[in-house]
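Working notes for the structure below.
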Amino acid sequence: MSIRTTTANGVLTIEIARPEKKNALTLAMYQALTDAVHAAVADTAVRALLIVGQPGVFTSGNDLEDFLQRPPASEDSPVFRFMQTLASCDKPVVAAVTGVAIGIGTTLLLHCDLVYVSEEARLAMPFVTLGLVPEFASSLLVPQLLGRVQAAEKLLLGEPFTGIEAVRLGLANAALPAGEVIGHARRSAERFNALPREAVRETKRLLRAASSEAISRAMQAEAVVFASRLRSAEAQEAFRAFFEKRKPDFSKS
């Protein structure tokens, strides 16, 4: 299994463990991620969740070959179920990013409560370059966090950015040397063991109350357009170019 879970000292760690494919996510992995979050919420011994990748890679995004075999066509897709589950998780979620975080590797961070990155981490949301549109309510949350012009650069042009810039933009709490990221994130997650459980839960609910409905609406609207874009000529050209290891040609679109 490419998703591993362990529970220790009140923290359920979800490890994305497919380094041979740069932690590219398959539908089975999305289902495993969803199951892990549900298990953490149901387990009274778990006070916080910690999401980690592998050295040098958090996740390179979707496994396109797997993704295209069963593209997400409805809210019942494993991809969208994971999004809904993480966005509604009522326990603190901490992320540790030690390298590449592409597509959903970046947008899922928008739904974590604490995010720690390596200084040399490389984040990007290149949806447009694949003929697609943003997902995971990033069309709503990225402009809120970064401002309109910075959001346009990151979402329209797909410009990558470093861990240090992620902190400056408000996407992460701290940028650390790569070898220190997971340990720091784990210590932060373990701090919830000493805090009152219900006060933490209610504070997280209040922090998100004003935007929860808007996030849900944004995810639903994005999902409709995303599913349509998957069938578009532009996306098909982008995918062919990816598999053929060439630059896509959008000159006729």
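How do the peptides 17-29, 231-243 rank, highest first, by the average count of neighbouring beta carbon atoms within 10 Å per residue? Please report the intermediate quantities before stating the final value.
Working: 17-29: 18.8, 231-243: 15.2.
With the highest mean Cβ count within 10 Å placed first, the list reads 17-29, 231-243.
Past 27 Å, Cα to Cα: identify those pairs from 22/247; 22/204; 21/252; 21/245; 154/245, in the order given. Mind showing how you got there, number by number?
Numbers: 22/247 20 Å; 22/204 32 Å; 21/252 32 Å; 21/245 16 Å; 154/245 23 Å.
Over 27 Å apart, Cα to Cα: 22/204; 21/252.
The modelled label-to-label distance between residue 217 and residue 64, using points 7 Å beyond Cα along the C-beta direction, is 3.4 nm.
Computed from the C-alpha gyration tensor, the three semi-axes of the ellipsoid equivalent to the chain are 29, 19, 18 Å, from longest to shortest.
Each of 125, 219 has some number of other Cβ atoms within 10 Å of its Cβ, and from fewest to most they run 219, 125. Here the Gaussian network model covers the chain, with springs between Cα atoms less than 10 Å apart; of 203, 98, 13, 203 fluctuates the most. Between residue 234 and residue 75, the FRET efficiency estimated from the beta carbon spacing at R0 = 25 angstrom works out to 0.55.
Over all Cα atoms in region 136-253, the spread is summed up by Rg and Dmax: 19.2, 59 Å. In the chain, helical runs assigned H by DSSP with n ≥ 4 each contribute -39500 (n - 2.57); averaged across all residues and rounded to the nearest 500, the mean residue ellipticity at 222 nm is -14500 deg cm²/dmol. Which residues in region 3-21 place their backbone N less than 16 Å from a point set 7 Å from the Cα of residue 197 along the Cα-to-Cβ direction? Correct set: 8-12.
Computed from the C-beta positions of residue 145 and residue 244 and an R0 of 25 Å, the FRET efficiency is 0.10 to the nearest 0.05.
Around the amide H of residue 62, modelled in the peptide plane, lie the amide H atoms of 25, 104, all under 5 Å away and 5 or more residues distant in sequence or on another chain. Among 225, 46, 94, the residue with the largest mean-square fluctuation in a Gaussian network model of the chain, with springs joining Cα atoms closer than 10 Å, is 225.
Label point 7 Å out from residue 162 along Cα-to-Cβ: which residues of region 107-121 have amide N under 15 Å? Answer for this model: 117-121.
Bear in mind these aren't lab numbers, they're just calculated from the coordinates by the rules spelled out. What you see is a predicted model; the values in this text were computed from it and never measured. Cβ: placed from backbone, ideal geometry, glycine included. Neighbour counts: every protein chain shown.
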